[in-house]
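This structure is in structure tokens; I'll ask about it shortly.
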């Protein structure tokens, strides 16, 4: 799978140090789906486990390919977005290309976009995200999932 970074957010500044801890298990609460295509889009399970690198600069998540019953790992760079009344916002975004192969058909190239914004609210991390599966040929078609997730409780920082 090859990948190229796409930045999101107001500032979209890549986290270079003192990155926010957004790792954890997020229970997916709402999923809305738009688009209808002649292929099965990538999807999420009932929870999304965001793992974070030791330096905090990357997150890793798995999406599900229901056609081949496979889990695909997506890695994304963490961005510092902004401070607001609700707390600090962090985000991640990754654009990737992959090919789905079945034994009786040629490989089907797909583009995948996974983005998310994490905010601390009421002592918990909350995730808002978007997963898009796009087919470019023979004609463009896209299936988009918008989701939210309730994550782990946040331990207050020692002062």
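Filter the range 109-136 down to the residues that are surrounded by fewer than 16 Cβ atoms within 10 Å (Cβ to Cβ) and touching a strand residue (DSSP E or B) at 6+ places or on another chain (Cβ under 7 Å), then identify the one that is nearest to residue 31 (Cα to Cα).
130
Further question: Hey, residue 56 hits all of (1) over 18 Å from residue 117 (Cα atoms); (2) more than 13 Å from the chain's Cα centre (by Cα); (3) modelled with pLDDT of 85 or more; (4) surrounded by 14 or more Cβ atoms within 10 Å (Cβ to Cβ) but one; which does it fall short on?
(1)
Sticking with this structure for a sec: Sort out which residues of the range 29-53 are surrounded by 18 or more Cβ atoms within 10 Å (Cβ to Cβ) and under 25 Å from residue 135 (Cα atoms), and write them in order of number.
If the condition is that a residue be surrounded by 18 or more Cβ atoms within 10 Å (Cβ to Cβ) and under 25 Å from residue 135 (Cα atoms), then 41, 42, 44, 48 are the ones that fit.
Please enumerate the residues belonging to the range 135-157 that are part of a loop (DSSP other than H, G, I, E, B) and either closer than 17 Å to residue 121 by Cα or modelled with pLDDT of 95 or more (or both).
Those that are part of a loop (DSSP other than H, G, I, E, B) and either closer than 17 Å to residue 121 by Cα or modelled with pLDDT of 95 or more (or both): 154, 155, 156, 157.
The values are calculated or read from the model by the stated rules, or taken from the named source; none is laboratory data. Fair warning: this is a prediction, and the values are worked out from it, not measured in the lab. Positions of Cβ are generated from backbone atoms using ideal geometry, with glycine treated the same way; all protein chains shown enter the neighbour counts.
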